Every structure is written in C-alpha cells, then in structure tokens.
Amino acid sequence: QPHAQLPEARLAVAQTAANADNFALAETEVDKALQLRPSFEGAALFKAQLLQRGGMAPAPTYLGQFLAANEGARDARLMYARMLAAERRMDEAREQFQRLERDAPANAEVVVMLGFIAMQSQDFATAEAKLTRGLERNYRDPDTLHFYLGQLAEEGKRTEDAIVAYANVRGGDQAVPAATRH
C-alpha cells in the first residue's frame, strides 16, 4: 500500500498474483503499472506474457502498439519479433530482427534468427552469411549452426564444405543426423 504509486511495486504485485494463479489481479496490476509509466518495458513484457495465456493473437498486437510509442524498447522488440516468427509472419519478423541487428549488432541470437528466416525464404546465401556470423559471435548452440551450415553447403553442391560443417557438430540434437551425413 505505501508504494501504490510506484510502477515497479505494481509489477511486483502483478507477478506475485500470476504466480498464485490469480490472473485477473495480475492483469489489473500490470495495467496500473503501465498507467503510472506507459513506457515501462518490464511491465509491457509481462503484459504480453499474460496476453499469450489466451492464445498468441493479442500479444503481438499489443507489443506492436507498445513499440510504436516506445521505439527504443529492445527487449520488447525482440519478444515481438519472436512472436511474429512463431506466427509465420516472416516478412514482419525479418523487419524487426533487422532493426534489432542495426541497434545491437553484436547480438548473436538476432543474427541467427535472421539466418533461419533467410533459410525459410530460400535465400541461402544470406542464411549462410548470418549463421556464420552467429558462430563468430559465439551463439549459444554452435552445433545447430554447424548442422544448418552443412545443409546449406549441401544445397549449394559444396560437398567438402558440408562434410567439414557436419564434422564440427559435437553434440546436441543434431549430432546423430550430422554423423549420418558426413
């Protein structure tokens, strides 16, 4: 009560309410936090998570509106881009990831997501460049990147490059498929 005018306090109450499965209170409190500070990115991210409970549709719409008013909100933009990709809205997702890449060029996850989107669009040259850049930026799952780079090399009829890429897969979900290919 003594901190009712602090958006952080309202967010803390919202998170506690959600942990107790009281989603009505969580939504009320996160909305109050956003009323107190409309640009509060942490509250916007939490609201998007709450909206996802009822299905994906309202969450990307909400984040798109939040980003229109708060263009520099990188975490919200990353969540929004992921949601767009999950909904197979690839052109919109690519646009958001490209913006993130311009704003934070060292972010390996963003570069890799651009590579995966390029693969789905059959833009194999861009995909290979982005996935290679992801390796250079120490992406958290290099085995997956090596596997996909092997597939891209195969697609380009570069058998030796494919063999090398598959040989670099050391573990994870791609280890067995890579071993059968090289």
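Across region 139-154, rounded Karplus estimates of 3J(HN,Hα) from the backbone phi angles (6.51 cos²θ - 1.76 cosθ + 1.60, θ = phi - 60°) give 3, 5, 10, x, 4, 4, 5, 4, 4, 5, 5, x, 4, 5, 5, 4 Hz, Gly and Pro being marked x. Dipole magnitude for the chain: computed about the Cα centre from +1 point charges on Lys and Arg Cβ and -1 point charges on Asp and Glu Cβ, it is near 140 debye. Taking 0.36 nm per residue of separation and subtracting the current Cα-Cα distance, fully stretching the chain between A167 and L25 would add 45.9 nm. Computed from backbone phi, the HN-Hα couplings of region 110-115 come to 5, 4, 5, 4, 4, x Hz, rounded to whole numbers (Karplus: 6.51 cos²θ - 1.76 cosθ + 1.60, θ = phi - 60°; Gly and Pro given as x). Taking all Cα pairs closer than 8 Å and separated by 6 or more residues, the relative contact order of region 26-116 comes to 18 percent.
I'd like to know how region 1-157 sits against the 2.2 N^0.38 Å rule of thumb: what's its Cα Rg over that expected value?
Rg over 2.2 N^0.38 Å, computed on Cα atoms: 1.24.
With both labels modelled 7 Å from their Cα along Cα-to-Cβ, the Q120 to A4 distance reads 4.6 nm. Placing unit charges on each Cβ (+1 for Lys and Arg, -1 for Asp and Glu) gives the chain a dipole about its Cα centre, and among A178, L11, A86 the Cα reaching farthest toward its positive end belongs to L11. 3J(HN,Hα) along region 93-108, derived from phi through the Karplus expression 6.51 cos²θ - 1.76 cosθ + 1.60 where θ = phi - 60°, amounts to 4, 4, 4, 5, 5, 5, 5, 4, 5, 5, 7, 9, x, 8, 6, 5 Hz, with x in place of Gly and Pro.
Just so you know, all these numbers are worked out from the coordinates, no wet-lab data involved. Note that the structure is a prediction, hence the values are computed from the model and not measured. Ideal geometry is used to build each Cβ from the backbone, glycine not excepted, and the neighbour counts take in all protein chains shown.
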